[in-house]
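A quick write-up on the structure given underneath.
The values are calculated or read from the model by the stated rules, or taken from the named source; none is laboratory data. All values reported here derive from a predicted model rather than from experimental measurement. Reconstructed Cβ throughout: ideal geometry from the backbone, glycine too, with neighbour counts over all protein chains shown.
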């Protein structure tokens with residue numbers, strides 16, 4: 001446990017834990033936004049490390065049939081880590097991250113969550129989240145493979161993220 005209830009897990013620790021306990025629930029970003037919870041100060045990402053994608057896939061599979069959610073941390077435009085927010089709740093059709101538990105962090109550029117339905121298009125609740133919390137967002141859909149995810153900008157428009165080995 002870190003400062004302010006933030007749970008920080010590096011990619012290797014997240015992989016280790018994904019096999020030992022159920023993932024926290026997620027509800028599509030219906031949490032309230034405050035100035036404190038605004039992420040990334042306008043930053044966005046252009047690339048994603050492959051090991052982070054592997055962790056996202058594992059976390060989404062582990063959370064089934066519920067959604068999984070986390071925030072994305074990037075440096076120099078490359079997403080290198082997930083930040084799991086303490087107090088995240090998840091169900092079969094939604095997830096709720098408590099951004100009040102997330103201190104300001106200029107490296108957090110957005111969010112990632114799963115859609116167990118297999119639909120990786122953003123819902124209205126997702127679009128509301130995207131507009132309030134960061135500039136780079138990801139949705140991964142069932143069956144949770146390297147080809148079943150999409151990235152979006154803050155307005156919900158699709159964008160590309162390069163995968164770095």
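Quick one: what pairs do we get from the stretch 62-85, first residue on the phi > 0 side of the Ramachandran plot and free of Cβ contacts under 8 Å to residues at least 40 places away in the same chain, second surrounded by fewer than 23 Cβ atoms within 10 Å (Cβ to Cβ) and part of a strand (DSSP E or B), C-beta under 7 Å, 6+ apart or different chains?
If the second residue must be surrounded by fewer than 23 Cβ atoms within 10 Å (Cβ to Cβ) and part of a strand (DSSP E or B), the pairs left are 77/47.
For the stretch 110-162, name all the residues that are outside any loop (DSSP other than H, G, I, E, B), over 14 Å from the mean Cα position of the chain (by Cα), at pLDDT 95 or above and surrounded by 13 or more Cβ atoms within 10 Å (Cβ to Cβ).
Passing the criteria: only 159.
Looking only at the stretch 61-72, count every residue that is crowded, with 23+ Cβ neighbours inside 10 Å and either modelled with pLDDT of 95 or more or part of a strand (DSSP E or B) (or both) and tell me the total.
4
Quick check: is even one residue across the stretch 94-109 assigned to a strand (DSSP E or B) and either modelled with pLDDT of 95 or more or closer than 23 Å to residue 161 by Cα (or both)?
Yes, the stretch 94-109 contains a residue that is assigned to a strand (DSSP E or B) and either modelled with pLDDT of 95 or more or closer than 23 Å to residue 161 by Cα (or both).
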